[in-house]
Structures are given as C-alpha cells and as structure tokens.
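Here's the structure we're looking at; comments come further down.
The values are calculated or read from the model by the stated rules, or taken from the named source; none is laboratory data. What you are looking at is a predicted structure, and each value in this text was computed from that prediction instead of being measured. Ideal geometry is used to build each Cβ from the backbone, glycine not excepted, and the neighbour counts take in all protein chains shown.
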Amino acid sequence: MSAALDWHLAKALLEWQVELGVTEAICDAPIDRFAEADETARPAPAAPPAPAVPASSGLDPAAEAARLAGAAPDLQALSEGLAGFAHCELRKGARNCVFADGNPAARVMIIGEGPGREEDQRGLPFVGQAGRLLDKMFAAIGLARTSPAAESALYITNTVPWRPPANREPTPDELAMLLPFLERHVDLAAPDLLVLMGNVACQALLGRRGILKLRGKWQTVLGRPALPMLHPAYLLRNAEAKRETWADLLSLQARLRELP
Ligand code: URA
C-alpha cells in the first residue's frame, strides 16, 4: 500500500468514527499507529510526569489535602496544590484540573458540582449548556463572570475540580477528601455571598441534600451568607422551575444591596 493510500485510508477511518458519534480522543497524546510497526527500533516513550505527591505514600488523603490547602497563601498556590494532589482517583480520568473562572474579587462566589465534558476539555467551570444558562440567569441581575468590577462580577468554582467518569456525581468520600481545598478556596476568595448551586454543593458545604426544599433559604457557610439554588442543568430539564430561580436571584440581589 502506498503512503498516499495509507493517508486516505486513515482519513476515511477517522471520518467513519466521527459518523459513529466519536467526539473526542481518549489519550492525551495522539498515537501514531503507522509508526508502531517500528516500535522495537525506538527507545521507550518517556513516562508521564510523576504526580507531585505519590499516591502510595500512606498518608491520610484528607489530612494531606488540609495540609496542602492550609499552606497555600493565595489562589495561584491553591490551584497548583490542587493540580498536584495525587490522592483523588477522579484526576485519572480527567483531562484538566478545573479550578475556577471569573473575577476572584467578585462579591458573589458560585459553587457548582463538578466539571462536565466541555468543562473538562476547556479547563473552565460552567462553559457547557448549563453554564450558558447560568450566565444568562446572573446577567438578569447584572452579574457576569467577565466583569472587572467586583460589585458586578462572579467567581465560579465546583466541589471537585476533575470530571467524574460518565458525569456521575462525586461520591461522599471524594467530596470529603477535597473539601479542605474548597474551604480554603472560599477563604482566599473571601466573597460576600456564596451560591450553592444544586444538591452536591449543598451536600459538600451544608452536609445535607434536598435542594427543592433548601433552595431560596439563606444559610451560613464558613461564616458567610450562602444561598442554595436550583442547578441550571435541572432548569434545562424543568423549565417551570425558572420562576423559583427568578425569586432566588432577586433575593440574592436584595442581599447584596443590604450588605455593606
Ligand atoms: N455543572 C456543574 O456543576 N459545574 C460545571 O462546571 C459544569 C456543569
């Protein structure tokens, strides 16, 4: 088979996969199948970089998370500490460690569940369909992640920074292990208000679920007012619940006006 024919065959195979619905490659780096035949003649590929903390170190992961998070003097250091945290299995299946988006000086910090497919690909929280709805919801009360002014800005993160496999919810163990990072994240960003977006954020920070009852009722989390709200992914499936969400957004706006 000539090299040109090989190229056309490879292209046809790729197009066939796209037709079948394949939307992403599984490996971080492309595999050159044509070069594999020469594998024995080449040196072994370099091993992937070792995680910053060996997973087999025998340390208690939650204690290690608390140590790393507590030692982070700022958000940049916290994000690096999280990216190097080797004890959570979620990181193995994820492409990116999704730390945050928006303006860290914002008065309002939103805490979602965890990255989905698009968030994992782009390394940013809430950039898929639910994220677009979230942006519209908050734009309705004059808040945006792109705003340079703290009063009209949003800062956005999740309970876990790695996409759980098949978009399952993070387990209670995973939430507990990563909680010290989330708590430190809130301390360092120091927002006036928190929004707990959906059941998983409530589970992580309030220790309870039941968002349909919790939504709209102000709580205190880490010494700050916190408003549980319906997750935009829920609103995409239950458009009639947008009325409650509008009431919650107005409550948030009123609280921002009340606070100094
Ligand atoms: N849902 C979330 O809770 N967080 C994201 O970042 C995306 C979707």
Exercise. Are any residues in region 141-167 in contact with a helix residue (DSSP H, G or I) (Cβ under 6 Å, 6 or more places away or on another chain), assigned to a loop (DSSP other than H, G, I, E, B) and surrounded by fewer than 19 Cβ atoms within 10 Å (Cβ to Cβ), and if so, which ones?
Worked result: ILE141, GLY142
For this session: Of all residues in region 187-220, count the ones that are of a type outside the set (Gly, Ala, Ser) and either assigned to a loop (DSSP other than H, G, I, E, B) or buried (at least 20 other Cβ atoms within 10 Å of the Cβ) (or both).
Result: 17
For this session: Return yes when ALA62 is in a helix (DSSP H, G or I) and modelled with pLDDT of 80 or more and no when it is not.
Result: yes
Exercise. Residues of region 93-109 being in a strand (DSSP E or B) and within 12 Å of the ligand (Cβ to nearest atom), which ones?
Worked result: ASP101, GLY102
Exercise. Does any residue of region 173-180 turn out to be within 15 Å of the ligand (Cβ to nearest atom) and surrounded by fewer than 24 Cβ atoms within 10 Å (Cβ to Cβ)?
Worked result: yes
Exercise. Does LEU227 qualify as being free of Cβ contacts under 8 Å to residues at least 40 places away in the same chain, within 16 Å of the ligand (Cβ to nearest atom) and of a type in the set (A, V, I, L, M, F, W, C)?
Worked result: yes
For this session: Answer with yes or no whether ALA105 is out of contact with any Asp or Glu (no Cβ under 9 Å at 6 or more places or on another chain), at pLDDT 50 or above and among the aliphatic types (A, V, I, L, M).
Result: yes
Exercise. On the given criteria, is LEU256 within 16 Å of the ligand (Cβ to nearest atom), in contact with a Lys or Arg (Cβ under 9 Å, 6 or more places away or on another chain), closer than 19 Å to ALA140 by Cα and of a type outside the set (S, T, N, Q)?
Worked result: no
For this session: Could you give me the residue pairs with C-beta distances under 9 Å whose first residue belongs to region 116-136 and is among the β-branched types (Val, Ile, Thr), whose second residue is more than 7 Å from the ligand (Cβ to nearest atom) wherever it lies, and which are 6+ apart or on separate chains?
Result: VAL127/ASP101; VAL127/GLU118; VAL127/GLN121
Exercise. Considering only region 110-142, how many residues are within 21 Å of ASN199 (Cα to Cα), among the polar types (S, T, N, Q) and more than 9 Å from the ligand (Cβ to nearest atom)?
Worked result: 0
